1. Counting other Cβ atoms within 10 Å of each Cβ, which GluC sites (Glu not before Pro) in region 44-152 have at most 15 and sit in a DSSP loop?
2. Which whole-number percent of Cα pairs in region 95-218 have a distance greater than 23 Å?
3. Taking the Cα centre of region 95-196 as origin and charging only Cβ (+1 Lys, Arg; -1 Asp, Glu), how large is the dipole, in debye to the nearest 20?
4. Among Gly164, Ala120, Leu105, which residue has its Cα positioned farthest towards the positive end of the charge dipole of region 97-172, with +1 placed on the Cβ of Lys and Arg, -1 on the Cβ of Asp and Glu, and the dipole taken about the Cα centre?
5. What is the total of Lys pairs in the chain with C-alpha atoms under 14 Å apart, excluding same-chain pairs fewer than 8 positions apart?
6. Roughly how big is region 159-210's charge dipole about its Cα centre, with Cβ charges of +1 (Lys, Arg) and -1 (Asp, Glu), in debye to the nearest 20?
7. Measure out, as a whole number of angstrom, how far apart the alpha-carbon centroids of region 52-115 and region 143-178 sit.
8. Please identify, among Pro155, Pro77, Pro111, the residue showing maximal mean-square fluctuation in a Gaussian network model of the chain using a 10 angstrom Cα cutoff.
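Just so it is clear, none of the values below were taken in a lab; they were calculated from the coordinates. Treat the numbers as computed from the prediction; the structure is a model and nothing was measured. All Cβ positions, even for glycine, are placed from backbone atoms using ideal geometry, and neighbour counts span all protein chains on display.
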Amino acid sequence: MRGESREAGCGACRCWHRSRIPASFLLSVGHIDRAICSDINEGPLCSARENAREMGKSENITFLLTNGLTGIMAHSPTDIAICGMGGELIAEILRCAPEAHKEGLRFLLQPMTRQEHLRATLFSLGFGIVREEYVTEGDKTYLIIVAEYSGVTHPFTEAECLLGTRAHSDAPMTSAEKRYFQKKEKALLRRRDGRAKAGEGTEEEDLLLSYLTPYTKE
């Protein structure tokens with residue numbers, strides 16, 4: 001992430017179809033000195049191997065055909081990136097890997113959907129959200145969550161799950177962050193209108209929209 005410095009260590013990356021770059025790129029720029037690249041399917045791993053060969057980094061990457069984080073901790077990673085999948089799936093991967101719930105291990109999470117569910121799971125499992133960043137690629141805006149385990153759980157609100165770190169921050173918003181919240185607002189408005197047309201209650205949508213509105217105005 002921009003502006004972050006951390007002593008080079010071992011990074012574990014969950015592969016995904018949309019990109020073959022992360023592990024090889026991080027190695028090439030010196031952010032990590034070795035990596036574990038894993039996926040439950042052979043296809044994404046083949047793409048990652050091909051990219052590693054093209055960048056001359058094959059010797060620095062261990063490729064694992066595995067489910068979730070199974071077998072990852074045996075390589076003593078300092079950072080784990082889980083990207084390009086739904087927030088519900090990322091939450092399930094974390095829930096099923098208690099061996100990875102340890103202090104000093106940093107998680108970089110990029111949920112494509114159900115971001116609120118992922119935040120709620122992090123809070124309930126004893127993870128703290130250290131930082132969130134919004135980045136834009138083309139016409140898409142993505143959320144990146146940096147989380148670390150502390151073992152401390154605390155009550156959380158719907159606003160905290162929806163807004164993330166913005167719920168307790170008065171720092172200026174970036175254009176990417178505002179664009180992200182505007183997209184969430186549009187999705188909630190469509191959902192509310194659909195429920196209203198079906199004669200169903202819209203109390204939940206109205207409440208969530210009240211949290212978003214202060215951050216979506218131009």
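1. Hits after loop and neighbour filter: Glu103.
2. Tail of the P(r) past 23 Å holds 37 percent of the pairs.
3. Here region 95-196 has a charge dipole of around 480 debye.
4. Highest projection toward the positive end goes to Leu105.
5. 8
6. Dipole of region 159-210, to the nearest 20 debye: 380 debye.
7. The distance from the Cα centre of region 52-115 to that of region 143-178 comes to 21 Å.
8. Largest GNM mean-square fluctuation: Pro155.
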